[in-house]
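Okay, structure first, notes after.
What follows draws every value from the coordinates through simple rules; no lab data is involved. None of these values were measured; they are calculated from a predicted model. Every residue, glycine as well, gets a Cβ built from its backbone with ideal geometry; the counts of neighbours run over all protein chains shown.
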């Protein structure tokens, strides 16, 4: 069992109610949202989606005093931050992470700005172990890039997060490039989180929409695969050679299969994309990291390990719990599934390399009462 | 062993001509008045390499740009499109993977191939 320092790459912090976020909207947008009289508020979150029959949250993560899982710092601290030797937790938002699924791009811009300010003020100020993703409304990539640059001097806003796809093209398409220019310029990795299609616009699955959460969740990696292939085929890593990409909540066992196929296709189809100068797997090895969750469960433990090893992913995997979601992976569980010689890399070292943290600094114990602002 | 595969005039610019040279099936290409010869057999799945598309190497200096480098003739196998430069036979994605090219030269208006030696031999 692993008992060393841990970095958690996917922790969903949530707001407890709409009022929390409305406070961060500008006066005009606040009026837009709340001024509908008896019609009630304009919904802040995207309304598409499929119900999980269990609910999306672990039942024991609902705070005792009421409220939503992930919304209460003391509960999150007790259940996650203090429950192991956690040195950093990267916050990835709850339902608000789907804001790029809003049809109204101007509203989405405002929500992204408000979400990031809410994350800084309501969360980062409370615990030095917390770091936050920068949510962007990719409907308007130039505005999204400006939002990334707004946080350039805040080292605790550690990555740019993309989830829903508002424009229908893979995320490598040039229309999204202003976001990557800003990410590279500010030294932030781009994170693509599972569900990275949008529930309905466009579907998160290739071939057509599915009808149950069972299907959708099984096919979660498909959208991530689309975006990964798109990044490489459009030459994003040639154009932005210092850009790094992290794939969150898509699993990892599919990566060898996809890259083997992708490399083979490159040999025959290079003519179409001569700006792609190297084998796709070489770009992947240099630029892409992968969150551990959910680790695929192979019938024999070694089968999935062999797949991971075949792409040297033990040096790219980053532990992610997905707390407080229903399908979160525990540290104890994961450490029994992975070879012991990988533990320090997957639970700590790889994330340090990706996010530029010095391991020796993170290993120093900082009393949480020493609040970082 | 040098083998005469015909007069220069028999070779059309930018078009492979398949010849039998000492029992070897070769493709011989005239390209901007230079000559290239390669075994007509793709190292991938043994496809008839020289029946594929010949072009200058396509180059993309930035995403979306498409230019032709006519200094580097390339053959794309008709079976799977794998591309090889004709000067040294190297696959465009990996120098260590190659089609088998052979030395070729012109003497007194005749095209000669040397099937006993590899064009990648540094001595050539």
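Other protein chain C-beta atoms within 10 Å of residue C-beta, averaged over A:71-80: 0. When each of the peptides A:204-211, A:302-309, A:108-115 is scored by the mean number of other C-beta atoms lying within 10 Å of its residues, the order from highest to lowest reads A:108-115, A:302-309, A:204-211.
Per the Debye calculation on the stretch A:244-373 with a single equal scatterer at every Cα and no solvent contribution, log₁₀ I(q)/I(0) for q = 0.09, 0.12, 0.13, 0.14 Å⁻¹ amounts to -0.33, -0.55, -0.63, -0.72.
Calculated mean residue ellipticity at 222 nm for chain A: -9500 deg cm²/dmol, from DSSP H runs with n ≥ 4 weighted as -39500 (n - 2.57), summed, divided by the residue count and rounded to 500.
What's log10 of I(q)/I(0) for the stretch A:6-363 at q = 0.14 Å⁻¹, Debye sum over Cα points only, no solvent? Rounded to two decimals, the profile gives -1.22. Going by a ≥ b ≥ c, the root eigenvalues of the Cα gyration tensor, does the stretch B:1-65 fall in the rounded group (a/c under 1.5), the prolate group (a/b larger than b/c) or the oblate group? It is oblate, given that a/c is not under 1.5 and a/b is not larger than b/c.
Taking A:227, A:151, A:54 as the candidate residues, the one with maximal mean-square fluctuation in a Gaussian network model of chain A, Cα springs under 10 Å, is A:54.
Let me know the shape class of the stretch A:224-291, please: from the alpha-carbon gyration tensor, a ≥ b ≥ c as square roots of the eigenvalues, rounded when a/c is under 1.5, otherwise prolate if a/b is greater than b/c, or oblate. It comes out oblate by the Cα gyration axes. Averaging Cα coordinates gives a centre for the stretch A:268-282 and one for the stretch A:304-359; these two points are 30 Å apart. Taking other C-beta atoms within 10 angstrom as a stand-in for reagent exposure, A:193, A:217 fall in the order A:217, A:193, fewest first. Relative to one another, the C-alpha centroids of the stretch A:154-178 and the stretch A:1-30 are positioned 19 Å apart.
Counting neighbouring Cβ atoms within 10 Å and putting the fewest first, the residues A:161, A:140 line up as A:140, A:161. Ordering B:59, A:46 from the fewest to the most neighbouring beta carbons within 10 Å gives B:59, A:46. The mean number of partner chain beta-carbon atoms within 10 angstrom of a residue's beta-carbon across peptide A:270-279 is 6. Shielding of peptide B:58-66 by partners, expressed as the average count of other chain Cβ atoms within 10 Å per residue Cβ, is 6. What separates the Cα centres of the stretch A:41-94 and the stretch A:289-303 is a distance of 24 Å. Taking chain A as a Gaussian network of alpha-carbon nodes connected by springs under 10 Å, the highest mean-square fluctuation of the residues A:143, A:160, A:11 belongs to A:143.
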